[in-house]
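Engineer: Starting off with a structure, shown below.
Since every read-out is calculated from the coordinates, none of them should be taken as a lab result. Bear in mind the structure is a predicted one, so any value in this text is a computation, not a measurement. In this analysis, Cβ positions are derived from the backbone assuming ideal geometry, glycine residues included, and neighbour counts consider all displayed protein chains.
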Amino acid sequence: MTRLLLVITFAALFAAFAKAETKPPDTVVSVDLNRYQGKWYEIARLPNRFQKQCVGNVAATYRLRADGKITVLNECKLKDGTTDRAEGIARLPDEGGPTSKLKVRFAPSFLSFLPFVWGDYWVLDLAPDYSHALIGDPARKYMWILARSPKISEQTYEQIVAKAKTQGFAVDQLIRTKQE
């Protein structure tokens with residue numbers, strides 16, 4: 001009986017721990033998309049398959065459209081010195097939903113009806129003056145530190161990394177982006 005009670009206790013603790021680990025990260029309450037639009041420089045990111053060709057000068061430019069969606073232009077420098085560009089679109093997943101949770105698509109528009117072509121873009125932290133932001137996704141697979149200028153202070157960087165760590169992101173895997 002004692003063993004059974006011990007097994008049940010451990011199973012309950014494990015289930016509680018597993019549930020806590022799968023809780024999505026917290027986002028900021030809202031984002032003023034008018035203030036958010038413009039150019040953002042990538043300061044650091046978690047490794048991902050769609051940016052492995054980028055060697056530096058990574059930036060994203062967001063522009064609000066008349067239909068309420070956002071045009072996204074991602075750019076990066078390639079090994080041969082040329083610039084790679086990818087244009088996409090972002091939208092609110094739910095009309096009237098929080099502006100801190102967006103869906104982004106870089107696939108052709110004729111595929112936009114497929115849910116899996118839309119990726120989560122969650123604003124997890126945002127400076128009051130919109131000078132830097134922490135972006136991630138609910139599964140914690142993707143994460144970016146963005147700033148309005150190509151460089152930020154080491155103190156600011158460390159503060160953002162600490163926030164990402166408290167949200168459960170693998171900050172030990174961060175890649176610092178070279179900006180020229």
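Engineer: Suppose a student asked you for the relative contact order of the chain, using Cα pairs under 8 Å spaced at least 6 residues apart; what percent would you report?
Structural biologist: Computed value for the chain: 26 percent relative contact order.
Engineer: Using a Gaussian network for the chain with springs between C-alpha atoms less than 10 Å apart, which of these wobbles most: 38, 97, 168?
Structural biologist: 97
Engineer: For the stretch 25-176, compute Rh as the Kirkwood radius over C-alpha pairs and then the Stokes-Einstein diffusion coefficient at 10 °C and 1.306 mPa s; write the answer in µm²/s, rounded to an integer.
Structural biologist: 100
Engineer: Take peptides 126-135, 85-94 and line them up by average Cβ neighbours within 10 Å, highest first, as a rough protection proxy.
Structural biologist: Values: 126-135: 17.1, 85-94: 14.8.
Taking the mean over residues of other Cβ atoms within 10 Å, the ranking is 126-135, 85-94.
Engineer: Would you mind checking the tilt of helix 2-22 against the longest principal axis of the Cα atoms of the chain, expressed as 0 to 90 degrees and rounded to 10?
Structural biologist: Roughly 10 degrees, rounded to the nearest 10.
Engineer: Where the centroid of each part is defined by its Cα atoms, how far is the stretch 33-52 from the stretch 113-155 in Å?
Structural biologist: Centre-to-centre (Cα) distance: 6 Å.
Engineer: Next up: Tell me the angle of helix 154-166 to the major Cα principal axis of the chain, expressed in degrees between 0 and 90 and rounded to the nearest ten.
Structural biologist: Taking Cα atoms only, the helix is inclined about 40 degrees.
Engineer: I've got another one for you. How do 112-123, 136-147 rank on mean C-beta neighbours within 10 Å, highest first?
Structural biologist: Descending packing order for the listed peptides: 136-147, 112-123.
Engineer: Now a separate question. With runs of 4+ DSSP H residues as the only contributors, calculate the mean residue ellipticity of the chain at 222 nm using -39,500 (n - 2.57) per run, divided by the residue total and rounded to the nearest 500.
Structural biologist: Taking each H run of at least 4 residues, the total per residue is -6500 deg cm²/dmol.
Engineer: Could you name the lysines in cross-link range of residue 165, using Cα to Cα under 30 Å and dropping any fewer than eight places away on the same chain?
Structural biologist: Within the straight-line cut-off, residue 165 pairs with 19, 23, 39, 52, 77, 101, 103, 141, 151, 178.
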